[in-house]
Every structure is written in structure tokens, then in C-alpha cells.
Amino acid sequence: MLHLTKAVLALMTGFLFALILGIILVPYLKKRKANQSLSVYLSRTHEKKAGTPTMGGLIFIGSTLGTFLLLLLFDRINFSYHLGIVLLTFLSYSFIGFLDDYLIILRHNNKGLTETAKLLLQIVVAVAFFYLFMLAGNESLIWVHSLHIKWNIGWFYGLFILFVLVASSNAVNLTDGLDGLAGGLSVIAFGTFGIISYAAGWLEGYEEIALFCFVLVGALLGFLVFNASPAKIFMGDTGSLALGATLGAIAILTRHELLLVLIGIVFVIETLTCIIQRVYYKFTKKRFFPMTPIHHTFEKWGWEERDIVRLFWIIGAIASMLAIIYGVWI
């Protein structure tokens with residue numbers, strides 16, 4: 001019951017912080033004309049979103065950090081080494097996203113950081129993560145928990161970690177295209193990893209990592225007050241890159257990297273459709289899907305935005321429930 005009480009306290013505190021920060025930040029960013037330039041390829045239904053400010057990720061990033069400082073100040077949590085790695089990943093990727101968003105706002109177009117520059121920065125942080133992860137005495141293991149299999153893949157594990165962090169950060173970034181879509185899916189994913197982290201009693205700092213997940217869930221719920229359709233603010237790369245990379249980091253620390261594919265199944269599908277589209281177009285000069293990521297294809301088929309978001313949330317919730325059964329019970 002103590003774990004449940006702490007989780008509820010963390011969630012509620014994160015939510016209230018985000019609500020207060022959102023009330024302050026949304027009108028401020030709107031006044032500063034921190035608007036996201038919309039793609040010309042989007043349907044006409046997106047035209048009404050013109051003028052909506054971006055960088056909304058600052059709401060749940062700031063409230064998550066504020067909540068943790070408050071909990072530390074009142075001695076409700078202990079700061080652990082592995083929690084430090086998670087926070088470093090969270091802040092580093094949010095800074096990369098912030099740079100991208102800032103350049104887009106400054107230039108009044110969709111040209112922020114170049115793809116090469118963004119990828120290079122992500123790789124640098126991933127390498128730092130790997131160094132800190134191994135410095136703590138962690139082994140280069142892939143675990144299949146239900147079968148009690150531990151597979152030592154040696155130096156290849158460094159490449160594996162790099163792939164997990166970069167792929168997960170970009171997957172959430174690609175999914176952030178409809179009001180509330182990436183935010184809602186992230187609530188589900190981090191809530192799932194919060195439960196899984198509580199079950200990882202062998203991990204030093206497992207309880208703090210679980211509480212981080214629940215604080216972030218609360219902060220994301222507060223953010224969704226402003227981001228759910230019709231959105232008053234977009235999370236931008238500031239939020240999406242941070243969320244994706246942090247999901248990857250927690251999956252690595254709890255040794256559930258493979259389970260991340262199931263928990264983030266919608267993120268995976270969104271990314272795969274983009275890859276298929278690019279490869280197919282390169283060889284045929286034709287489009288395999290009407291538009292990618294796949295949520296835009298549903299729009300082309302005449303689906304309402306809210307219906308698409310609800311469908312994807314349901315898929316994410318079902319996948320996460322299966323992941324909890326596998327990751328905690330089996």
C-alpha cells in the first residue's frame with residue numbers, strides 16, 4: 001500500500017505542477033508568437049491550428065523537475081545513481097528538442113536543426129548514457145525474463161543501447177502529429193514502466209525510477225489539459241524527443257528493452273510506416289501510403305482526428321496491459 005500511496009502522491013503533485021505551469025506558459029508563448037509552422041502537405045482540418053504555440057514540452061519537463069525537487073526537499077525520495085542517468089537523458093534530449101523548436105520559431109519555417117545535426121547530438125547523449133550505465137557495473141546483457149535467459153552480447157550492447165535511445169526518441173517525435181496523441185500514449189507507456197520498475201527490486205534505485213514515471217504521468221496529464229483536442233499548445237521536439245529517449249532509458253535500466261516494442265507499439269507502427277514510405281518511394285517514385293506517419297493516412301481516409309487518437313490510445317493501452325502481465329506477473 002505504501003508504494004501505491006507514493007505513486008498517487010507523485011502523480012497528483014506532477015499534475016498540479018503542470019496545471020499551474022501550463023496556465024502561465026501557454027499565454028506567454030502565445031504572446032511571444034512561439035508558433036509552429038504547419039506543413040503544406042497536411043489536410044485543411046489542420047489550418048485552424050495555425051498560430052498554436054509550440055515548446056509545450058516545457059510544461060511537463062518543468063513540472064517533473066519541480067516535483068522531484070519538492071520531494072527531495074521534504075525527504076520523500078532518495079536520489080540514486082540510476083535516477084541520475086534517467087534525469088540526464090530526459091534533460092539532454094529535451095535540450096536537443098528545444099534547440100530544434102527555437103530555430104523553427106526564429107526562422108518562421110519548419111527548418112530547425114538539420115537531420116544530421118540532430119542525429120549527431122542524439123548519438124553523443126546515447127554514448128554518454130552507455131558510459132554511465134557501464135560505469136555502474138551493469139553487464140552487456142539482453143534479458144528474456146519469462147524464460148530466465150541472459151544473453152551477453154559484449155561490445156554490441158553499446159550499439160544496441162544507441163539504437164534504442166535514438167529510435168525511441170524519434171518514434172515519439174514522429175507520432176506527435178495529432179492533438180493529444182503522443183501525450184496520451186506517453187501517459188500509458190510511462191504508467192506501464194512505473195509498474196514494471198516497482199517489480200525490478202534487483203535494480204539500485206528502482207523505487208525512485210518508478211516514482212519518476214508516475215510524476216511524469218501526472219505532469220503529462222496536466223499537459224493534456226492544454227494539448228487535448230483542440231490543442232492550445234503543442235509539445236514540440238522539446239517534449240517528444242525527451243519522452244522517447246527517457247522511455248528507452250528506463251527500458252534499458254529495467255532490462256525490458258524488448259518489451260519496449262510492445263509497450264510502444266503505436267510508436268513502432270508510426271515509425272515503420274515512415275520507413276516503408278521512404279524506401280518504397282525511393283525505388284518506385286510512388287507512395288505506399290497516402291501520407292505518413294500512419295495517423296495522417298487515417299485523416300486522408302476521412303477519419304476525425306479525435307477518433308484516430310482514441311483508437312491509437314486503445315491500441316496502446318491493450319498492448320501495455322499485455323506488457324504488464326508479461327513483465328510483472330509471468
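Most exposed first by the Cβ proxy, i.e. fewest other Cβ within 10 Å, how do Cys213, Cys274 rank?
The most exposed by this proxy come first: Cys274, Cys213.
Neighbour counts of other Cβ atoms within 10 Å put Leu113, Leu29, Leu243 in the fewest-to-most order Leu113, Leu29, Leu243.
Just from its helices, what would the mean residue ellipticity at 222 nm be for the chain, if runs of 4 or more DSSP H residues each count -39500 (n - 2.57) and the sum is divided by every residue, rounded to the nearest 500 deg cm²/dmol?
Working: 12 runs with 225 residues, N = 330.
Here the helix-only value at 222 nm equals -23000 deg cm²/dmol.
Given their separation in residues at 0.36 nm each and the Cα-Cα distance between them, Met134 and Lys33 gain 32.0 nm when the chain is fully extended.
In whole Å, what is the distance between the alpha-carbon centres of region 143-196 and region 1-32? Computed from Cα coordinates, the inter-centre distance equals 24 Å. Taking only the alpha carbons of the chain, we obtain Rg and Dmax values of 19.2, 61 Å in that order. Working note: Karplus 6.51/-1.76/1.60 with θ = phi - 60° gives region 150-159 the couplings 10, 10, 7, 10, x, 5, 4, 5, x, 5 Hz, where Gly and Pro are set to x.
Below 8 Å, C-alpha to C-alpha, sequence gap of six or more: please give me the relative contact order for region 124-224 in percent. Let's see the in-between values first.
Working: 76 pairs, mean separation 20.3, N = 101.
Contact order relative to length: 20 percent.
Hull volume per residue, based on the alpha-carbon atoms of region 261-330 and their convex hull, is 71 Å³.
Once C-alpha pairs closer than 8 Å and six or more residues apart are averaged by separation and normalised to the residue number of region 117-161, the relative contact order reads 32 percent.
Highest mean first, the peptides 102-112, 255-265 sorted by other C-beta atoms within 10 Å per residue fall in the order 255-265, 102-112.
Using the alpha-carbon positions of region 85-176, Rg (one decimal) and Dmax (whole number) come out as 15.9, 53 Å. Note on the chain: with a GNM built from Cα contacts shorter than 10 Å, the maximum mean-square fluctuation among Ile23, Ile149, Ile252 falls on Ile149.
Exceedance of the 18 Å cut-off in Cα-Cα distance is limited, within the set Lys30/Lys232; Lys33/Lys300; Lys31/Lys232; Lys111/Lys300, to Lys33/Lys300; Lys111/Lys300.
Just check region 91-237 against the gyration tensor rule for me: Cα atoms, a ≥ b ≥ c as the square roots of the eigenvalues, rounded for a/c under 1.5, and otherwise prolate or oblate depending on whether a/b exceeds b/c.
On the way: a/c = 2.42, a/b = 1.38, b/c = 1.75.
It is oblate, given that a/c is not under 1.5 and a/b is not larger than b/c.
Read-outs throughout are calculated quantities, based only on the coordinates presented, and are distinct from any laboratory measurement. In this text the structure is predicted, and so the values were computed from the model without any measurement. A quick note on method: Cβ atoms are made from the backbone with ideal geometry, for glycine too, and the neighbour counts reach across all protein chains shown.
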